[in-house]
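As structure tokens, the structure follows; a few thoughts come after it.
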Amino acid sequence: MTGSRRRAARTTRLLAGAATLAVALTACGDGDEQAQQTPTEAPTAWTTAGAANPSDKPGETGDRGQAKVGKLDALQVSLPEGGKSAMVDPNTWPDIQTLLNSDQLKGIFPSLSLGNPRLCAFGTYNSVGGLTPKNTQCSWEVKRGVIGSDAARFRLQLRGIGADSEVVKSWDGVRQTYRGENAAGDNFYVDGTYGARRVLLRQSGLGSFVVSDGQVAAWFDVSMDDNLLNQDDPAKNNEAVRTQAFPTLVETFVTLLPRKF
């Protein structure tokens, strides 16, 4: 199978996988109790003080180069009253296709020119397969200008938005699976790193993080090809992703749900 066919097959599988969001949210329980609380003083960011695993590492504090944190419009979302669901109405979710504008993308990937996403897909959000009204996953393609060469891709998926306690519990379960795989080069960061509720970055180029205002949390996954930032040097590419692009992306997405509670 040629490189282009492999990539096409992988993209097809990825989009097919978007049909089922990983956040299995049921009744809110503790999440509803938390949602009813009114803070006396709203914090501005999650701190790293509550780290649950002593082996988790702090975030990268090196030179970000030309990368620049952007600001997203804060989501206006709330949980249903009466504990009927732990998921926010998907009509209020952002559309991945329009979530990042060209300036924000340039801030995260200053060496790239990313226009409109090439492939986008809806997702399902309940057991009967209800489709989201907006795109939950998109793929941006970086063409290298070489005839016959494969294009590198940056992919972004919204896994779900719901009660903080439920989203975090689901995300923690996936993180535990990744820990058990003991993959060399995986980075499990201290809770609160880059201002996010949870965050990790795998050697494979998969990044996963939760942003939260304290009541409502959103889970995002990103995938960056190993030649996205530097086609000729995978090691240099991986370092740039780990120390520049990924931290900047997470800090940009924190502004989507700035902490209030």
Just give me the residues in region 205-225 being of a type in the set (S, T, N, Q) and either part of a strand (DSSP E or B) or open to solvent by less than 10 Å² (accessible area, probe 1.4 Å) (or both), in sequence order.
-> Ser208, Ser212, Ser223
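Residues are listed down the side, and each one gets a yes or a no for (1) within 26 Å of Gln66 (Cβ to Cβ); (2) touching a Cys at 6+ places or on another chain (Cβ under 8 Å); (3) not aliphatic (A, V, I, L, M):
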residue: Val190; (1), (2), (3): no, no, no
residue: Ala196; (1), (2), (3): yes, no, no
residue: Leu206; (1), (2), (3): yes, no, no
residue: Asp213; (1), (2), (3): no, no, yes
residue: Asp221; (1), (2), (3): yes, no, yes
residue: Pro234; (1), (2), (3): yes, no, yes
residue: Val241; (1), (2), (3): yes, no, no
residue: Glu251; (1), (2), (3): yes, no, yes
residue: Leu256; (1), (2), (3): yes, no, no
Only one of Thr48, Thr98 that is open to solvent by 50 Å² or more (accessible area, probe 1.4 Å), hydroxyl-bearing (Ser, Thr, Tyr) and modelled with pLDDT of 90 or more | Thr98
What tally of residues in region 150-180 results from selecting those that are basic (Lys, Arg), within 15 Å of the chain's Cα centre (by Cα) and in a helix (DSSP H, G or I)?
-> 1
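The values are calculated or read from the model by the stated rules, or taken from the named source; none is laboratory data. Treat the numbers as computed from the prediction; the structure is a model and nothing was measured. Glycine also receives a Cβ, built like all others from the backbone with ideal geometry; neighbour counts cover every protein chain displayed. These area figures cover heavy atoms from the full protein model, side chains too; ligands, DNA and RNA do not enter into them. Shrake-Rupley method; radii C 1.70, N 1.55, O 1.52, S 1.80 Å.
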